[in-house]
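Presented below is the structure to which this report refers.
The values are calculated or read from the model by the stated rules, or taken from the named source; none is laboratory data. This structure is a prediction, so every number in the text was calculated from the model and none was measured. Neighbour counts run over all protein chains shown; Cβ positions are idealised from the backbone, glycine included.
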Amino acid sequence: MTTTNAITPAAQSTLDRLNTPSRLTGGGLGSLDGGDFLRLLTTQLTFQDPLEPADNEAMLAQMAQFSSLAATTESGATLDDISAKLDRLIAAQEAALQPATTPQT
């Protein structure tokens, strides 16, 4: 008895889609907020096995990871803002140090 490992075109299409590297569009992780976390948390709680509920430590670890991600994202935005202000300050100082050109009469 022989078995074939033929994959249907629909299954192959699904596998190809799942194996394609994802590309974040829009805000990416930076667009996640507390509401997204609550939706993920309630979905996870909805689908957990009532006879084997999620461990409290695992839930706390997830909340800590989300808080860490939010803090990192906020820090990155703050650093970008500081960098832009420093660039403007340097440009203004360079402009002030340029000798003024006076028209010759």
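I'd like the residue in region 46-66 that is touching a helix residue (DSSP H, G or I) at 6+ places or on another chain (Cβ under 9 Å) and assigned to a helix (DSSP H, G or I) and, out of all such residues, is surrounded by the most Cβ atoms within 10 Å (Cβ to Cβ).
Residue satisfying both the conditions and the ranking: 66.
Restricting the search to region 40-74, which residues are aromatic (Phe, Trp, Tyr) and modelled with pLDDT under 80? Break it down stepwise before answering.
Looking only at region 40-74, we keep the residues that are aromatic (Phe, Trp, Tyr), and these are 47, 66.
Passing the criteria: none in range.
For region 18-39, check the following and say yes or no: at least one residue is in a helix (DSSP H, G or I), of a type in the set (A, V, I, L, M), surrounded by 10 or more Cβ atoms within 10 Å (Cβ to Cβ) and modelled with pLDDT of 75 or more.
So far as region 18-39 goes, yes, one or more of its residues are in a helix (DSSP H, G or I), of a type in the set (A, V, I, L, M), surrounded by 10 or more Cβ atoms within 10 Å (Cβ to Cβ) and modelled with pLDDT of 75 or more.
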